[in-house]
Amino acid sequence: MAEATLSISSRNYSSWSLRGWLLCRMAGLEFETEVLSEEDPTARAELLHLAPSFLVPRLTHGEIRVWDALAIAAYLNEIRPNARLLPSEPADRAWCWSVSGEMHGGFINLRSALPMNLKAHRTGFKVWGGAKSDIQRITTLWQECLVRLGGPWLFGQRPTLADAMYAPVCTRFASYEVDLPEASAAYRDHIMTWPLMVEWIEAALAEPEEIEELDMEF
């Protein structure tokens, strides 16, 4: 029996569920994944961006319940320090938290204009001003990380919290064929071929349900 349960809303649509799942896998936690029904009010509100805060992913570990991707990351870092979800050097660790926090609290235009949908592929999709500014900021962050630490991950030779936080962005860039600078395109491709991402995407493509309100946003 698994030691923990991760509750998620949708593999296809939920970027936050993906982040939580990646973090749990990266930490080596033995857990079961519970996919909430789209009729569950918590899951539906999160998917339709109507929730005042994100209550999924939600990790249940014994009597401990943790929700929100950054809170899950902090908890996993405490109980699985050898997983090295954060860089070992204090300066890099602080930078990793900052880069991850910016993703957690920002880029609203990108999220609205380019919703995560792993089953979609939009050729010639028009990206408007607000989302363009978000994309420029993200690629600037990536470039700074990759130059400073040498890649192929944002903080060097192994995946960290930052890669889990930006992995859903890579799916958006792929789904909407966003034109990226060379280094950012290489990072996107690296993330999209990450075995954990391949596993998640395969499961997402097998999900039978479609949520009409989300498809209509396109």
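The values are calculated or read from the model by the stated rules, or taken from the named source; none is laboratory data. Everything numeric here is computed off the predicted structure, so don't read it as measured data. Glycine also receives a Cβ, built like all others from the backbone with ideal geometry; neighbour counts cover every protein chain displayed.
When you go through P87, P168, P159 one by one, which is the residue that is outside any helix (DSSP H, G or I), touching a Ser or Thr at 6+ places or on another chain (Cβ under 9 Å) and modelled with pLDDT of 95 or more?
P87
Scan region 114-132 and give yes if some residue there is surrounded by fewer than 14 Cβ atoms within 10 Å (Cβ to Cβ) and modelled with pLDDT of 95 or more, otherwise no.
Among the residues of region 114-132, not one is surrounded by fewer than 14 Cβ atoms within 10 Å (Cβ to Cβ) and modelled with pLDDT of 95 or more, which makes the answer no.
Could you figure out which of (1) surrounded by fewer than 23 Cβ atoms within 10 Å (Cβ to Cβ); (2) of a type in the set (A, V, I, L, M, F, W, C); (3) under 14 Å from the mean Cα position of the chain (by Cα) isn't true of A162?
All conditions are met except number (1).
What number of residues within region 19-37 satisfy the criterion of being among the charged types (D, E, K, R) and either closer than 13 Å to I72 by Cα or without any contact (Cβ under 8 Å) to a residue 12 or more places away in the chain (or both)?
Number of matching residues: 2.
For region 131-156, how many residues meet the condition of being in a loop (DSSP other than H, G, I, E, B) and either closer than 15 Å to M103 by Cα or under 13 Å from the mean Cα position of the chain (by Cα) (or both)?
Qualifying residue count, region 131-156: 1.
State yes or no: is A69 under 28 Å from A203 (Cβ atoms), crowded, with 19+ Cβ neighbours inside 10 Å and under 16 Å from the mean Cα position of the chain (by Cα)? Before the answer, list the steps.
Details: under 28 Å from A203 (Cβ atoms): yes; crowded, with 19+ Cβ neighbours inside 10 Å: yes; under 16 Å from the mean Cα position of the chain (by Cα): yes.
Spelling it out, A69 is indeed under 28 Å from A203 (Cβ atoms), crowded, with 19+ Cβ neighbours inside 10 Å and under 16 Å from the mean Cα position of the chain (by Cα).
Let's see how each residue does on (1) in the same structural domain as Q136 (by TED's automatic domain parsing); (2) under 22 Å from W200 (Cβ atoms); (3) at pLDDT 95 or above; (4) in a helix (DSSP H, G or I):
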residue	(1), (2), (3), (4)
G20	no, yes, yes, yes
T33	no, yes, yes, no
F54	no, yes, no, no
Y75	no, yes, yes, yes
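Name the one entry in A174, A162 that is among the small types (G, A, S) and closer than 18 Å to G101 by Cβ.
Values: A174 fails: closer than 18 Å to G101 by Cβ.
That would be A162, the only listed residue that is among the small types (G, A, S) and closer than 18 Å to G101 by Cβ.
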